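*Asks:* I'd like to ask some things about the structure below.
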Amino acid sequence: MQSQLMISLVIIVIVGILVAVIVYHILRYLRGSIKLSLPCTVFNPGGTIAGTFELLTKKEIQGNKLIVSLIGMKTVRTHHGGKTRTHTEEVYRDEVVIEGEKNYFAGYTATHAFQVKAPNLHAPDFLNTQVGQILGAAIRLIGNQSARITWKVEVRLDAKGVDLATSRAVSIL
């Protein structure tokens, strides 16, 4: 009897989470969209990542800031006692503010060009920074085949309510 109750509670929680995720995506879709365009997705260390994005609002949005970010995520897989665990954490973020606080009216459309610099993981001046030291430690872990760093370019309209955002995976050699 108690096991059936536990199973019912677990199912209710899972359904609740799924409904919340679906509602979030519907709200985001109803507010507008961002379309990101990158001419290439492979970049050299220290190179410039350039692209464009189109912002379209379907409803009025009170924006806090419109940003483009280069984000590095370290993923580590560990095997212990026959179990595999995966841990992901952000190890790098460089943000470029495209626009500050602004109200976007319904039906607003604009195309923006951007540039963000890929980190040069081997440059001495970068390695001496706090971010460089953290990233260097993460790269040393990559010698262990269960760790890797993935990169993405993200465009986000940080707004009151639900943000508009999109991202695209990139590679830094």
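The values are calculated or read from the model by the stated rules, or taken from the named source; none is laboratory data. In this text the structure is predicted, and so the values were computed from the model without any measurement. When we count neighbours, we look across all protein chains shown, and the Cβ atoms used for this are built from the backbone with ideal geometry, even at glycine.
*Asks:* Within the group 50, 106, which residue is touching a strand residue (DSSP E or B) at 6+ places or on another chain (Cβ under 8 Å) and over 25 Å from residue 168 (Cα atoms)?
*Replies:* Just a single option satisfies the conditions, and that option is 106.
*Asks:* Which of the following residues is at pLDDT 95 or above and over 24 Å from residue 32 (Cβ atoms): 48, 57? Please lay out each step first, then the result.
*Replies:* Details: 57 fails: over 24 Å from residue 32 (Cβ atoms).
Residue meeting the stated conditions: 48.
*Asks:* Could you check, for region 100-122, whether at least one of its residues is surrounded by 15 or more Cβ atoms within 10 Å (Cβ to Cβ), at pLDDT below 95, farther than 29 Å from residue 64 by Cβ and not aromatic (Phe, Trp, Tyr)?
*Replies:* Yes, there is a match, as at least one residue in region 100-122 is surrounded by 15 or more Cβ atoms within 10 Å (Cβ to Cβ), at pLDDT below 95, farther than 29 Å from residue 64 by Cβ and not aromatic (Phe, Trp, Tyr).
*Asks:* If you check residue 34 against the conditions, is it farther than 19 Å from residue 164 by Cβ, part of a strand (DSSP E or B) and modelled with pLDDT of 95 or more?
*Replies:* No: the conditions fail for residue 34.
*Asks:* Condition test on residue 51, is it surrounded by 12 or more Cβ atoms within 10 Å (Cβ to Cβ), farther than 15 Å from residue 109 by Cβ and either out of contact with any Leu (no Cβ under 9 Å at 6 or more places or on another chain) or not acidic (Asp, Glu) (or both)?
*Replies:* Against the criterion (surrounded by 12 or more Cβ atoms within 10 Å (Cβ to Cβ), farther than 15 Å from residue 109 by Cβ and either out of contact with any Leu (no Cβ under 9 Å at 6 or more places or on another chain) or not acidic (Asp, Glu) (or both)), residue 51 qualifies.
*Asks:* Are any residues in region 39-91 closer than 20 Å to residue 120 by Cα and assigned to a loop (DSSP other than H, G, I, E, B), and if so, which ones?
*Replies:* 40, 41, 44, 45, 46, 47
*Asks:* Do we have any residue at all in region 19-27 that's of a type outside the set (Lys, Arg), touching a residue at least 12 places away in the same chain (Cβ under 8 Å), outside any loop (DSSP other than H, G, I, E, B) and touching a strand residue (DSSP E or B) at 6+ places or on another chain (Cβ under 7 Å)?
*Replies:* no
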